[in-house]
Amino acid sequence: MLIAPSLLSCDFARFGEEIERVDKAGADIMHLDIMDGHFVPNLTFGAPVIKKLRKYTDKPFDVHLMISEPYKYIDDFCDAGADIISFHTESDSDIKKTIEKIKERGVKPALAIKPKTPFDVVLPYLDDLYMVLVMTVEPGFGGQSFMADMMPKVEKIKEECKRRNLPVLLEVDGGIAKDTIACASKSGVDICVAGTAVFGEKDVEKAIKDLKDLCE
Ligand code: DX5
Ligand code: ZN
């Protein structure tokens, strides 16, 4: 299981140092939540901030776009140093065009789905995807409860990838903690995003290790 700490729960006044801290603590991927106050009822930060953070780690930047028009900003996030860009099927941008644009820039494309979105929405795009992100909370805020009833969606997408022999990774985001990560692991999840469960602990190294140890 790969652990991607969500920087949404870090101390934004020490953003760079927080990235260094989780890097040293064994984080596999840095999960960066971009919110526009329109697609979700919250605001975070944008590409200029990511650009400044890039020098603090060599670990991959997983940029989760919770914005209404991701297509418009793909170049900005690619220029800023994103390695993976996830955008939502529920956004207003053309899905195929947006995936193509991300791929053209040599960045890994991922599709994200909100809890109410059925799994089959991603199936027509699977061949072109690096990852699928199944939200296990309503996007917008950290610290919410894990929705275990999203696991059938994970399992069905995994099944379809297997059937088509595609190496697409499955990521879940929201409510991952010591009491929920085993459930995600059993369903075949490859990457768990964890905000509160990492930054809410004093010892982030132990927090990441504990989460990994609870997986199969
Ligand atoms: C929610 C974000 C998540 C969030 C997860 O919209 O996409 O990445 O930070 O936070 P926790 O792990 O606290 O649920
Ligand atoms: Zn996220």
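Leaving out ligands, DNA and RNA, and with a 1.4 Å probe, what % of the accessible surface on region 2-213 is carbon or sulfur?
After summing per-atom areas, the C and S share lands at 50 percent.
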Based on alpha-carbon centroids, what's the gap between region 1-75 and region 148-203 in Å, whole number please? 19
With +1 assigned to the C-beta of every Lys and Arg and -1 to the C-beta of every Asp and Glu, and no other charges, what is the dipole magnitude of the chain about the Cα centre in debye, to the nearest 20? 220
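Under a 1.4 Å probe, what is the accessible area of region 1-147 per residue, stated in Å²?
In whole numbers, region 1-147 has 43 Å² accessible per residue.
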At 1.4 Å probe size, what's the solvent-accessible area of residue 92? Round to the nearest 10 Å². 120
Net charge of neighbours whose Cβ lies under 13 Å from the Cβ of residue 126, counting Lys and Arg as +1 and Asp and Glu as -1: +1
Out of 192, 175, 147, whose Cα points farthest toward the positive end of the dipole of the chain (charges: +1 Lys, Arg; -1 Asp, Glu; placed on Cβ)? 192
Could you work out the helix-only [θ] at 222 nm for the chain, with each DSSP H run of four or more residues adding -39,500 (n - 2.57) and the total divided by the number of residues, to the nearest 500 deg cm²/dmol? -9000 deg cm²/dmol
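Pairs of alpha-carbon atoms within less than 8 angstrom and 6+ residues apart define the contacts here; what relative contact order does the chain have, in percent?
21 percent.
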Mind grabbing the accessible area of residue 76 for me, 1.4 Å probe, Å², rounded to tens? 70
Directionally averaged shadow of the chain, computed from the convex hull of its alpha-carbon atoms, nm²: 10.6
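The values are calculated or read from the model by the stated rules, or taken from the named source; none is laboratory data. None of the values given here were measured: they were computed from a predicted structure. Note: ideal-geometry Cβ built from the backbone for every residue, glycine included; neighbour counts use all protein chains shown. Each accessible area value is taken on the protein alone, full model and side chains, heavy atoms only, with ligands, DNA and RNA left out. Shrake-Rupley method; radii C 1.70, N 1.55, O 1.52, S 1.80 Å.
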